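Everything below concerns the one structure shown next.
The values are calculated or read from the model by the stated rules, or taken from the named source; none is laboratory data. This structure is a prediction, so every number in the text was calculated from the model and none was measured. Heads up, the Cβs are rebuilt from the backbone with ideal geometry, glycines too, and the neighbour counts pull from every protein chain shown.
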Amino acid sequence: MTHTYFFYCIDKPDSAALREQFLTEHLSYIEKILDHLEVAGPLRDEGSEEIIGSCFVFNVDTRRKAEQLLHDDPYYQAGIWRQVTCHRFNPAAGSWVGGTAWNR
C-alpha cells in the first residue's frame with residue numbers, strides 16, 4: 001500500500017545563486033524519480049515572483065522512502081532549504097484523484 005506525503009520546503013535567504021548552480025542536477029534527479037511524484041515545483045513569492053521554496057508530493061510505501069527521495073535531491077544536499085515540513089496527505093478530491101475519492 002502506498003501513501004502520499006507532502007513536503008513544503010522554504011529556502012534559506014539569498015539561495016537564488018545556489019538554486020541556479022544546481023538546477024540542471026535537480027531537474028535531472030526529478031526526471032529519475034517521476035514514478036514516485038504526484039506533483040512537484042517551485043513556490044513563488046506572490047509579489048515578486050521570486051522562488052522562495054519547493055513543494056513535493058510523493059506517493060511511496062513509507063515516510064522513510066519519501067524522506068530519502070527528498071534527501072537525495074541535489075537541492076537538499078546543497079543546503080538550499082532552511083525549513084522542511086512533511087505531512088502525510090490524503091488526496092480526496094480534484095483532478096489528481098479523478099474527482100472525489102468517496103465516489104469511487
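Residue 10 is checked against (1) in contact (Cβ under 8 Å) with a residue 60 or more places away in the chain; (2) under 21 Å from residue 96 (Cα atoms); (3) of a type outside the set (Ser, Thr, Tyr) and fails just one. What number does that condition carry?
All conditions are met except number (2).
For residue 45, are the conditions met, namely being farther than 27 Å from residue 98 by Cα, acidic (Asp, Glu) and touching a His at 6+ places or on another chain (Cβ under 7 Å)?
no
Do we have residue 78 as under 30 Å from residue 101 (Cα atoms), in contact with a helix residue (DSSP H, G or I) (Cβ under 8 Å, 6 or more places away or on another chain) and among the hydrophobic types (A, V, I, L, M, F, W, C) here?
no
Report whether or not residue 96 is of a type in the set (A, V, I, L, M, F, W, C) and over 14 Å from the mean Cα position of the chain (by Cα).
Yes, satisfied.
Let's see how each residue does on (1) without any contact (Cβ under 8 Å) to a residue 12 or more places away in the chain; (2) of a type in the set (Ser, Thr, Tyr):
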position	(1), (2)
58	no, no
62	no, yes
84	no, no
91	no, no
98	yes, no
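Where residues in segment 43-82 are out of contact with any strand residue (DSSP E or B) (no Cβ under 6 Å at 6 or more places or on another chain) and among the small types (Gly, Ala, Ser), which of them is nearest to residue 26 (Cα to Cα)?
Top of the filtered list is 78.
For residues that are within 14 Å of the chain's Cα centre (by Cα) and outside any strand (DSSP E or B), scanning just segment 1-31, find the one that is surrounded by the most Cβ atoms within 10 Å (Cβ to Cβ).
Here the residue is 26.
Looking at segment 87-104, which of its residues are in contact with an Asp or Glu (Cβ under 8 Å, 6 or more places away or on another chain) and either closer than 21 Å to residue 32 by Cα or assigned to a helix (DSSP H, G or I) (or both)?
96
So, of the residues in segment 57-104 that are of a type in the set (Ser, Thr, Tyr) and surrounded by fewer than 16 Cβ atoms within 10 Å (Cβ to Cβ), which turns out to be modelled with the lowest pLDDT?
Per the criteria, the residue is 95.
Take the residues in segment 46-56 that are more than 15 Å from residue 86 (Cβ to Cβ) and of a type outside the set (A, V, I, L, M), then tell me which one is modelled with the highest pLDDT.
50
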